[in-house]
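The values are calculated or read from the model by the stated rules, or taken from the named source; none is laboratory data. Small disclaimer: the values here were computed from a predicted structure and weren't measured. Note that each Cβ is placed from the backbone with ideal geometry, even for glycine, and that neighbours are counted across all protein chains shown.
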Amino acid sequence: MRLEELDYDLPEELIAQHPPERREDARMLVVERATGRLHDQLVSDLPRWLRANDMLALNETRVRPARLMVQRPTGGRVELLFVRPEPGGAWRVLTKPAKHAAIGVRLALPDGSLEVEVLAEGERGERVVRVTGGDLDVALRTQGEIPLPPYIRRAPEASDLERYQTVFARVEGAVASPTAGLHFTDALLATLGERGVGHARVLLHVGPGTFRPVTAEDPRDHDMDEEWYEVTPQAAAALNGARAKGGRIVVVGTTSVRALESACDAAGGTLAPGSGWTRKFIHEPYTFQAADALMTNFHLPRTTLLLLVAAFSGSELLRTAYAHAVRERYRFYSFGDSMLIV
């Protein structure tokens, strides 16, 4: 496997800057692995591609309004992205510009309602900070911004608070949305339920590493960031029960795949309840233990997300599908269109 195999040409105008007017109005490219056939559909057509006893696996993580603009004592502005809490009440954060967040520096919101001190530097250049004054939860809720991906080249809008969250987001802790789930509405889930297609909720708190490109010449040498996952007893029972009835586990999103496969690894190859920190990295060749079909968005070149999808579909078929999507003017990335690989 070579790094160039993760490349493809994408016109910039195909990078979606806003979501579709209605979630289920997004297009959906159906990819049949057995035949190689491609079908141009809409997400609203999903019920015709699923059958009774199939079970969706949905990631119920919720994106935290994790981005705050603070100031140095000299007045310089620094962007903080609160990634996750650390033991002892500290937080791991990304800073921009990093040079303005040296160890020992104190930073504050312009109104003085929150103060933090930089304690340490992490292995990837992130910082560990401690809140020394104010309430972080209140600050994030009242002044924090949803951290949109870097390829969305516009200012955050009020609608992003809703549209960059899935309708089933429950457990706050992500700094990026599990974007395959953005296409679902309560009505679509209800329609699927009426047809005997259930859904189970798993959890993986998406971290900033989801956007980090693969730079190793051999992509298999890439070092994954760790992320927290959980598969509850109820979710494991529902998904195993679907298979026992002849249904498929239809995994919505690469993050849900990694949660399920991490739980399988921890249980010795069977789908069982589990939770913990995972660095699960999926690439060809790989035998999937808990995914029979995959719904996912179109991903950036040279990313671990693309490697995972290639492992599921086969790299040649994936290249064909992406070339078709570009030719047919599908919308790419977080607010873009979807693929269903069956």
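Miscellaneous remarks
- When the range 118-130 is filtered for residues that are surrounded by fewer than 18 Cβ atoms within 10 Å (Cβ to Cβ) and outside any loop (DSSP other than H, G, I, E, B), the ones remaining, listed by number, are Leu119, Ala120, Glu121, Val128, Arg130.
- Pair list, Cβ < 8 Å and 6+ apart or interchain, from the range 35-46 residues that are assigned by TED's automatic domain parsing to the domain that holds Glu24 to residues that are loosely packed, with under 14 Cβ neighbours inside 10 Å and modelled with pLDDT of 95 or more: Asp40/Glu328; Leu42/Asp25; Val43/Asp25; Ser44/Asp25
- If only residues of the range 214-237 that are hydrophobic (A, V, I, L, M, F, W, C) and in contact with a strand residue (DSSP E or B) (Cβ under 7 Å, 6 or more places away or on another chain) are counted, the one that is farthest from Val250 (Cα to Cα) is Trp228.
- Considered as a group, the residues in the range 63-83 that are surrounded by fewer than 19 Cβ atoms within 10 Å (Cβ to Cβ) and of a type in the set (Lys, Arg) include one that is nearest to Val116 (Cα to Cα), and that residue is Arg72.
- Scanning the range 113-150 for residues that are farther than 21 Å from Pro87 by Cβ and acidic (Asp, Glu) turns up just one, Glu145.
- Single residue of the range 131-167 satisfying the filter (among the acidic types (Asp, Glu) and assigned to a helix (DSSP H, G or I)) that is surrounded by the most Cβ atoms within 10 Å (Cβ to Cβ): Asp160
Residue-wise test of (1) over 22 Å from Gly247 (Cβ atoms); (2) among the aliphatic types (A, V, I, L, M).
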{"site": "Gly314", "(1), (2)": "yes, no"}
{"site": "Ala321", "(1), (2)": "yes, yes"}
{"site": "Tyr330", "(1), (2)": "yes, no"}
{"site": "Ser334", "(1), (2)": "yes, no"}
{"site": "Val342", "(1), (2)": "no, yes"}
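- Any hit, the range 313-333, residues being assigned by TED's automatic domain parsing to the domain that holds Ala235 and within 15 Å of the chain's Cα centre (by Cα): yes
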